[in-house]
Amino acid sequence: MSLKNLRRWPMLVVAGLLPLPVSAGCGSAVCSINTDWDAQGTWAEPGVRVDLRYEFIDQDQPMSGSSRVNVGEIPLEHDEIRTINRNWIATIDYAFGEKFGVSVSLPFVDRSHSHIHNDVGGPVEENWGLTQLGDIRVLGRYQPGEPGGSGFGLLFGAKLPTGDFKIQNADGELAERTLQPGTGTTDALFGAYYRAPLATHGTWFAQVLGQSATGKHEEFRPGDRIGVDLGYRHPIGENVNALLQMNFLHRDRDSGLQSEPDDSGGRFAFIAPGLSYKMARETQLYGFVQVPVYQYVNGVQLTADMSVVAGFATRF
């Protein structure tokens, strides 16, 4: 069971919200759709904002390189079967003024995984069910320009080692580190974004976010990743907006004795259409469907044909 996670190279990350994008391997995943409303220019005033989002990612397709393969087609110690990710991510964002702000994101992971362990006594199916809090993410931002309209911002922060990484199944088998809710490592976050209005009354934005572990923990270091997101928001009514994003991710291989470097890391590109609906002046509902347009994984990893994100955001 190996978790080949998320993508890194171009992809715009959820700058205040998630531990961010889909992955493979054993299949622990977080969707890479960006719901950072500051980067998108939706809200630029000081104050407190809350975002709650739900993600459903069903990773049931093994891949090798850029090709689909059948379960067990490539002989390995573990034949990955399926991982279902149901993630809840709560984000509290506070803007101190027009230039500085900080967001804290707390993920709640509900994940099931199954694979076949090819033991000397014959193949044995193994299963895990994980329902735990994950790693908290703290992300600060600095916007040197004026609020609203066009704007450039810098992102900086850390992913903290708050999630458990020693969960076992009913048979006492320890889940692999890439499947666990936490990595055990403290990771540095750094990036930037830019947004601007268009003559069509819409708004476009671009964001890049990098993540790098500051060291190993108990012989595991997750691979560095970088994501780039491109997005467009277009009003189609008084309270409705059409949304469209392209999300790109590149992730390096994991390292350490508890990692699976041969079956981790890859490059991913996704397209995600969506809609948002303004329920009230300070509250909106939103939803996206994300589908892959390109996936390349190292070794054999689980991938998803589609991911769904839904949530609401409000300001106080």
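The values are calculated or read from the model by the stated rules, or taken from the named source; none is laboratory data. Since the structure is predicted, the reported quantities are computational estimates derived from the model, not experimental observations. Note that we place each Cβ from the backbone using ideal geometry, even for glycine, and neighbour counts take in every protein chain shown. Note: accessible area is taken over every heavy atom of the protein model, side chains too, but ligands, DNA and RNA are not part of it. Shrake-Rupley method; radii C 1.70, N 1.55, O 1.52, S 1.80 Å.
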Residue in segment 165-183 that is over 30 Å from Val240 (Cα atoms), hydroxyl-bearing (Ser, Thr, Tyr) and surrounded by 13 or more Cβ atoms within 10 Å (Cβ to Cβ) present: yes
Tabulated pairs, segment 231-251, first farther than 20 Å from Thr283 by Cβ, second open to solvent by 30 Å² or more (accessible area, probe 1.4 Å) and not in a strand (DSSP E or B), C-beta under 6 angstrom, 6+ apart or interchain: Phe248/Trp9; Leu249/Arg8; His250/Arg8; His250/Trp9; Arg251/Arg8
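Can you tell me how many residues within segment 69-91 are charged (D, E, K, R) and not in a strand (DSSP E or B)?
To start, the set of residues in segment 69-91 that are charged (D, E, K, R) comprises 73, 77, 79-80, 82, 86.
After this cut, where a residue has to be not in a strand (DSSP E or B) as well, the list is 73, 77.
So the answer is 2.
For segment 288-316, give me the residue count where each residue is in a strand (DSSP E or B) and more than 16 Å from the chain's Cα centre (by Cα).
The total comes to 12.
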Scan of segment 243-259 for residues that are touching a Gly at 6+ places or on another chain (Cβ under 8 Å) and open to solvent by less than 30 Å² (accessible area, probe 1.4 Å), ordered by number: Leu243, Gln245, Asn247, Leu249, Arg251, Asp254
Residue count for segment 30-61, restricted to those that are at pLDDT 80 or above, open to solvent by 10 Å² or more (accessible area, probe 1.4 Å) and within 18 Å of Ala304 (Cα to Cα): 5
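The rows are residues; the columns are (1) modelled with pLDDT of 95 or more; (2) under 21 Å from the mean Cα position of the chain (by Cα); (3) more than 28 Å from Lys99 (Cα to Cα).
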{"residue": "Ala188", "(1), (2), (3)": "yes, yes, no"}
{"residue": "Gly191", "(1), (2), (3)": "yes, yes, no"}
{"residue": "Leu198", "(1), (2), (3)": "no, no, no"}
{"residue": "Thr214", "(1), (2), (3)": "yes, yes, no"}
{"residue": "Arg221", "(1), (2), (3)": "yes, yes, yes"}
{"residue": "Asp224", "(1), (2), (3)": "yes, yes, yes"}
{"residue": "Asn239", "(1), (2), (3)": "no, no, no"}
{"residue": "Arg253", "(1), (2), (3)": "yes, yes, yes"}
Matching entry among Asp58, Asp135, Asp51, Asp79 (being of a type outside the set (A, V, I, L, M, F, W, C), under 16 Å from the mean Cα position of the chain (by Cα) and closer than 19 Å to Leu302 by Cβ): Asp58
Lone qualifier among Glu260, Glu219 - being at positive phi and of a type in the set (D, E, K, R): Glu219
Residue in segment 266-277 that is of a type in the set (D, E, K, R) and open to solvent by less than 40 Å² (accessible area, probe 1.4 Å) present: no
Residues within segment 195-243 that are aliphatic (A, V, I, L, M) and in a loop (DSSP other than H, G, I, E, B), tallied: 3
Which numbered condition Ser67 misses (of (1) over 19 Å from the mean Cα position of the chain (by Cα); (2) closer than 19 Å to Ser264 by Cβ; (3) open to solvent by less than 70 Å² (accessible area, probe 1.4 Å); (4) modelled with pLDDT under 95): (4)
